[in-house]
Structures are given as structure tokens and as C-alpha cells.
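A quick write-up on the structure given underneath.
Readers should treat all values here as calculations from the given coordinates under stated rules, not as data from a laboratory. Computed from a prediction, not measured in an experiment: that's the story for all the values here. Reconstructed Cβ throughout: ideal geometry from the backbone, glycine too, with neighbour counts over all protein chains shown.
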Amino acid sequence: MDDKLKREQEQENEDLRQYVTFLVGGEIYGVSVMKVQSINEMSEITQVPRARSFIKGVINLRGAVIPVIDMRKKFGLPEKEYDSFTVILIVEARERLIGMIVDSVSDVVSIPASNIQTNINYSGKLEKSSMEGVGRIDESLIILLDVESFLSNENVQEA
Amino acid sequence: MNDAALTEVFMNESKEIISNLESDIVTLEENRKDQEIINRIFRYFHTLKGSSGIVGFKTVYEFTHHLESLFDKVRSGDFDVDSDIIDILLESIDWIKSELFTDVDSDESAGKRHELTLRINRYTGKDAADSAKSENFMSEVGAYKGIGSGERFFRINAAFRDNIFFSGIDPLMIIEDLSTLGDVVHNNIQLKRIPDFFVLDPEQCYLTWEIIIRTACDEMKIRDVFLFVIDDNEIDIENVTDRYTDARQKSWGTEKKLGEILIEKGIINDNDLDELINLQGDKHFRLGDIIIQQGLASPRQVDEALQEQEKIKRKIEISTVRVESARLDNLINLLGEIVIGQASLHRLAEGMDEEESFVLNNALYGLDRVTREFQEQIMSIRMVPIGPTFEQFKRFVRDTARATNREIKLKIEGGDTELDKTVIERIGDPLKHMIRNSIDHGIEPADTRAAKGKPAYGTITLKAYHQEGSVYIDVIDDGSGIDAEKVRKKAVALGLLAADAEVSRDRVLSMIFQPGFSTADQVGDLSGRGVGMDVVKTNIEDLRGSVEIKTREGEGTLIRVKLPLTLAIIEGMLVSLGETILIVPLLSVIETIQVKQQDYRTVEGRGEVILVRGEYISLIRLDRLFGIEANCKEPWEGLIVIVESEGERLGIMIDDLIGQQQIVIKSIDTFITSSRSISGATILGDGKVALIIDIHGLVQEIKKY
């Protein structure tokens, strides 16, 4: 009993960070809750001519026209038919709203800062600067995305 | 208001004042005796001094103080305005500008200030050491000693704005000045406006003064004391000499106004009022109470009169409101939402059976009318006259003309023509460039002009006017015009035109809008570097405007800029290509036609064309260009929208025409697409996003491929 209380207190004292986790191609990713504005179901996307390859198009978000990015395309994964689990995660980056199409949203998790590893040697498709780090919860690893740099101009233009 | 906000208000205000000053000073140079302008300049300097003092720009404060003193002397006729003074003034303004709006090297800036101060003091006869002394200027202005004949009495009711202190004026100073003019025989301070202690704002002025002064000065002198406050405060000055010499009055409080109102309304008459005043006597009864007591008027009538009194007082206070333009933008965005909502209601009505939809349509019709009016009203708030923008070129023309040894007059027409604020903000630079071009390439030196039989001074005319839902701005000069042959040669040399190409004169002239184009033989300081007109054109096109040029060799040049009235809402035509709905701005649409198969052909070097009334028009296939699926594969299967851009006609293939409606433009992030063919997006009645085609950009893009 004492032990449990102690552990809880310890956890409370520690810097906990909250992430919205989602799935893209079987992998779990996380985005800081502070960056997530809303989670919307798939809506009709208007294609934009000569748009950058990973930009799926634009949607109407409560009267504003915002771009949506297909995360599968962004990560170089094969496209998949949208289903009832597909959602658009609206995130705020560089003072603008951007939609991210993901396979599904799983949870909101709290990860203690000590469980987040930031110095990773990662040689995936993702730019290292786009990653905040890798978080660990129990046995699973979550790739934490840094939306700011992930959607920054340089990265957008590169792609 | 915190410091930062205050500074921002000051900066905005100063910008306005400085731009007004520049234009006034240049006008003064032409009309050196114009007392009205002199007074105005004096007032601008005074305001600038006051507000820079408040926000803590000490150097500007001290410096403007000198300018103010200088102008006070000019005002009182101590010396005339000469070109030296004009130079001092303009240089001083440049100094103030750089001091306020740019990061300046403090040593250099201080040096310039010192030099200017010395030059100013040569006129005012003060030495530079005097500069730190911040004297009470009011005593300077107001130190008239009684010279007039006979004694006069003035009743002054002074109710200052609540925020008078923010403009750097202390009412007490004014009253002290007043007292130097004569004896204050009565001074009644109204405490009524002082609020409860807990809501009292120590930075506000709550007091109202009623002063009766006995003086030998005339009314003008009294008014002069209030020179800076009389316009935006409630200052009521009345000559009451006869009343006092009658000796029939003792105290004449604000109640008198109530009496006046009641007399105006015919409720009481003059005799009644006199009687009432007697009754009032020394007792501190309020007139209203006495009137009711005496049964001369009902309490309601008195109340009404009091309310009217209050209304008159307030009228001046609420006549204008300064609003952040972001708030207006919000309103326009919200209005956009309403327009979209309305469109979806219309869609609903379409889906209903006739009887049901009739009622809804009727209701919608009314709503449409209101929203249209609402839109016009909101848009009109954003509309500002172009006059001030034009005025600010006076200085520019003067300086440029001097630098190039030319004599040039700037004529302004249609300064009250109103344009969207955003357009005004962004049209300044292109206009400046065009004027610069006119001076540099257009207007000839005086001797050349004389030889041609033209007046020695050149004239540049800026003219703004409304026509067919657009605003036109003409920049006209009576210079040498543009040599079309020279342009042609240059265009050929630059490879913009084939040497043997047969093109119209207009087309040749439009070459000057090409990047890197300049016909000036020598590269001047001002223009002729080959950057310019293409930038002008791009800037104007960004505002969804267009520019054309007309010129007559030896006689002059006209550059005509056409601009939309507003940037937020346009009339659009909805067209469909397969599943996709696109919007074509109605302004670019000439007509929509069906073509026969025999009118379609391919022409070497031009691609696909259609023959419309004897003219070949290039075809654009949006489906291929945009990578979308269209139902009609051949031009004769669907419809062709004929659009025009820069005098060129093009035919856009579409499947079908859906309709025409007001389109609220929503911008889309530039990082989404590199295509210039899309100017923005809008939200349709069903919530879908539709893209708006930028005809001009489309033409540009097609030329690239």
C-alpha cells in the first residue's frame, strides 16, 4: 500500500507529458496534446492541382480551408483505402492548422519525461529533426513527432 | 492602456501626421501665404510634440518644440515662408521619420538634429542651449495682453474629453492661460462626472468648467487659447457682455441650457425664464426643480429636455470610432460564413417540392437582400479614400523633380474615390514606381519642352475613379511618350519578340512589363535599371487588378490601373469538370459558348484553337492541366467558357455550367501548391471546398509550357 502510494506520488512529481497516439502502417506515433486541435472524421477532400505530393488536398474545417497531409504518403507507405477508422488529426504548427490523415487514433497517453529517449540513431524515412524522440510505455515504443519542425517549411519543400 | 499599446497608437498617429505634414508643406511651398495651411502645420507639430512627450520620445519632443516655435513665428507673420524654411521643414520631417520608424545611428542622428536646430534657431533667434528648456507653450500662444476697447464678458463652458491627458494637454494650463487675459469673475467646476471612487480612473479628466471672464480681449483671442482643443472637445464660448452689463444675472449655470431647450420647445418663454432665474436667486435650487415647482412644465417635459441636453453633449463624443482593422477582418470572415450558410439553405430549398420551397425561398429572398446590404456596409467601413495616398506623392514628385532638374506639377483628381484599405496599403509602391518612371523617362527637361512648344513645367496627373464595379487609377504625364519602335527593338534584342513578328502596337507596348526591360539609354539613379514595371505589374495583379499602357509619342503616356473594389467577396461562375467544381471569376468571363466540331482545329505553334466569330481562340484543357477527370473529352461535347486576360482571349473547356453566385474568398497556404492557376478557395453551400481559378495565373502558366 505504502509502496503504491509512493510510486504514484513519484509519478505525480515527475514531469509527465501527454501525447495523442495514432497508427500509421502498423506503427504507433504520438503528437503532443498541446498541438492537437481536434480529431475529425474523414470528410470530403478537394484535390489541389500541382500540390506537393504528400498533400492530399484541402478540407473545410468550420469555415476555414486547411490542407491535409496523407501520413502514409509522407512516410512513403503504400496508400490504403480509407475506412471507418481513418481520421483527420488537426494539429497546429507554425500558427496554422494542418490535417494529418492517419489510419486510426488509439489513445491519449502520459509518458514520464524519463521514459522519453531523445538521442536516437534512427535511419528511417522520417527526418530526424521531425522527431521529438521515442517514448516507452510498458513494452511498446511510440515515435513522438515534433509537429513544428515536421511541418516546417524546409521539410515541406524537401518532400 | 499599457505602454506598448500607447506607443503603437502614437506610431500610427505619427505616421498619419507626418504624411499630412509632407503634403501640406509641399502645398505651402506653392502657396506661401496660405494661413490655413500654416495653422494646420503648426497644429500638427504641436500634436506631434505633445504625444511624443507622452510616450517618451524625448528627442522628438524637444525637436518638434523648435519646429512649433518656428511655425508660431510664421503664423504670427514675423517672417515669410521662404524656400529655406521649406527645406528645413522637409529635412526635419525626414529626421523625425528616421528617428521614429527606423533604427538610427544615434550619433549621426544627433548631429543632424543639432544642425537642423541651429538652422531653425537662426529664424527664431534662440540659441541652441535653449533646446532643453521645455516651456509652457500655452503661455506663448496665450500671452495676449488686453488691447481691445472696452470690457467684455465671456462665458466659457469647457467640457474636455475624458482622455484629454493622452493628447498631452492639461486643461489646467488652458485655464491658467485664460486667466492671463483678464479676471475670472466666476468659476464653476462641475463635479458631476466624477465617478465612484472605486471606478475612478486617475488618468481621465472628469471635470467640466464653467468660467466667466472679464477681459479687454476680443473673442478671437479667447478662442485662440482653446486652439488645440476646440475641435474635439466641447468648448462653448459665448459673449455674454450684454447680460453682465444688464446686471440681471448672478449665476448662470448649466441649467441655462435647460432653460434654453425649454424655450426652444415652446414650453416656457423668455419672461418665465427671467422670473425663474430671480426665483433661483442665491439659493442652490436646480432650475428644473423650480420649473416643476412653479408648474410651468411637467416633470416629464423637464426630463426630456435634460435628456436632449445630454444627447447634444454626447453627439460629438461618439461621432467617430477607431477600430483595429483585424476586427473588421473578423467581421468579414463571419459575413462569409453567413453567405455560405445562405447558399446551403438555397440548396435545401432546391431539393424540396415546389409548395414547401416557395415559402422558404421567399424568406431567403428577404435574407439575401439584408446580407447583401450588410456586406456593402461592412465593405464600406473598409473603404478609405485614396486622397492621402495621392497626397504623399507631392513630396516625392517635388524631390525627384529637383534631383532630375525638371519642373513638375502633380495634379490630383478624384482623391475621394474609395478603395479597400488593403488595396490602398499595397498600391502605394506600384504608383510610386510609375510616377518615378514618368519623371525619369517621360517628362523632358524644361528647355526641351520649350523647344517642343510645351509648357516649361511638366504635369503628372493622378486620377482615380469608379467605373463598372472597378476602381481605375490613371497615371498620366505630358512627357515625351514611349517610342514603340524603340521598345520593339529592345524586345527583339532581349529575345522577347521575334525580329519579324507581326504584333500589334499594344502588344509591343506591353513588353515594358516584361522582367528586365528598360528603354532608358542611360541608367539613372531613379529608374532605368530594368527592374520596375514588371514588379509593378505583379503587385497589381496580386491585388487582382490589371494594368495597361497608352502612349502618344511626343505627347505623353497614360498608365491605367484597374482594381477590384474589394478583395474578400467576388461574383463567381461555378463550372464542373467531372466530379470537380471550379470557380471562374465572373469579371474575367466574356461568354460561354458551344462549338461545332468544324470550328475546332490545331494550329502549328498555337496548339488547339476554336474559331469564334472569325477569331481563333486558344483552348485550355483544365482536366489535363489540373490532373482531374472530366466527362467531356472533346471541345464540342461540353461548353467553352471564353475568358479574357490582358487583352487575350482563351477558351476553357468545361463539362457544364452550374450557376453563378457570390464567392467568399478563402486564402490557401502557399506551401500547398506552386500553381499560379489557383487564387484561393471557397466553401460551397454543401460544405465542399471549391478552388477559384486565377485566369491571369492560368495564362501565365500555360505560356510556360
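Over the residues of the protein assembly as shown, the helix contribution to mean residue ellipticity at 222 nm works out to -12500 deg cm²/dmol, using -39500 (n - 2.57) for each DSSP H run of at least 4. Helix B:3-30 and the longest principal axis of the Cα set of chain B meet at an angle near 80°.
Please find the FRET efficiency linking residue B:162 to residue B:384, where r is the Cβ-Cβ separation and R0 is fixed at 30 Å, and quote it to the nearest 0.05. Between residue B:162 and residue B:384 the formula returns 0.65. Strictly greater than 26 Å: what percent of every Cα pair in the stretch B:569-704 meets that? So the pairs more than 26 Å apart make up 18 percent of the total in the stretch B:569-704. Compared with the dominant Cα axis of chain B, that is its longest principal axis, helix B:354-382 is turned about 60°. For chain B, a simple Cβ point-charge model (Lys and Arg +1, Asp and Glu -1, everything else neutral) yields a dipole of about 1280 debye relative to the Cα centre. Full extension of the segment from residue B:416 to residue B:538, taken as 0.36 nm per residue of separation minus the current Cα-Cα distance, would add 41.3 nm.
To the nearest ten degrees, helix B:106-124 and the longest principal axis of the Cα atoms of chain B are 50 degrees apart. Evaluated over the Cα positions of the stretch B:325-384, the convex hull gives a direction-averaged projected area, one quarter of its surface, of 4.0 nm². Loop-located chymotrypsin sites (Phe, Trp or Tyr not before Pro) in the stretch B:53-116 (DSSP state not H, G, I, E or B) with no more than 16 neighbouring Cβ atoms inside 10 Å: B:79. Modelled label positions at residue B:39 and residue B:98, each set 7 Å beyond Cα in the direction of Cβ, lie 3.5 nm from each other. Normalised Debye scattering of the stretch B:3-135 at q = 0.09, 0.11, 0.13 Å⁻¹ gives log10 I(q)/I(0) of -0.24, -0.36, -0.50, counting only Cα atoms as equal scatterers and leaving out solvent.
For the listed residue pairs B:463/B:562; B:49/B:192; B:97/B:562, the alpha carbons are over 23 angstrom apart in B:49/B:192; B:97/B:562.
Just name one of B:334, B:360, B:371: the one whose Cα is farthest towards the positive end of the charge dipole of the stretch B:325-384 (beta-carbon charges, Lys/Arg +1, Asp/Glu -1). The one lying farthest along the dipole's positive direction is B:334.
Ordering B:467, B:453, B:437 by Cα displacement along the dipole of the stretch B:388-497 toward the positive end leaves B:453 in first place; charges were set at the Cβ atoms of Lys, Arg (+1) and Asp, Glu (-1).
When all alpha carbon pairs of the stretch A:16-158 are counted in 5 Å bins from zero, the resulting P(r) reads 2, 9, 20, 24, 22, 14, 6, 3, 0, 0 %.
Summing Cβ point charges (Lys, Arg +1; Asp, Glu -1) relative to the Cα centre of the protein assembly as shown gives a dipole of roughly 1840 debye. Computed from Cα atoms alone, the Kirkwood hydrodynamic radius reported for the protein assembly as shown is 34.1 Å. What the Cβ-Cβ distance of residue A:37 and residue B:634 gives, at R0 = 35 Å and to the nearest 0.05, is a FRET efficiency of 0.15. Compare the Cα positions of B:576, B:597, B:586 along the charge dipole of the stretch B:565-607 (+1 at Cβ of Lys, Arg; -1 at Cβ of Asp, Glu; about the Cα centre) and return the one farthest towards the positive end. Checking the options against the dipole of the stretch B:565-607, the answer is B:597. Sparse packing (at most 12 other Cβ atoms within 10 Å of the Cβ) combined with a DSSP loop state is found for the following GluC sites (Glu not before Pro) in the stretch A:27-65: A:44. When you filter the GluC sites (Glu not before Pro) in the stretch B:430-508 for DSSP loop state and at most 11 other Cβ atoms inside 10 Å of their Cβ, you are left with B:468, B:502.
Model label sites at residue B:429 and residue B:377, defined 7 Å from Cα along the beta-carbon direction, differ in position by 3.6 nm.
Cross-linked pairs B:486/B:537; B:409/B:454; A:80/B:633: Cα-Cα separations exceed 18 Å for B:486/B:537; A:80/B:633. Counting Lys and Arg as +1 and Asp and Glu as -1 over every other residue whose Cβ lies under 13 Å from the Cβ of residue B:108, the net charge comes to -4.
Kirkwood analysis of the stretch B:386-564, using all unique Cα-Cα pairs, places the hydrodynamic radius at 16.7 Å.
Once the cut-off is 38 Å, how many percent of the Cα-Cα pairs in chain B end up in the long-distance tail? Result for the distance tail: 56 percent.
The aspartates and glutamates within cross-link reach of residue B:33, meaning a Cα-to-Cα straight distance under 13 Å and a gap of 8 or more places when in the same chain, are B:24, B:78, B:80, B:82.
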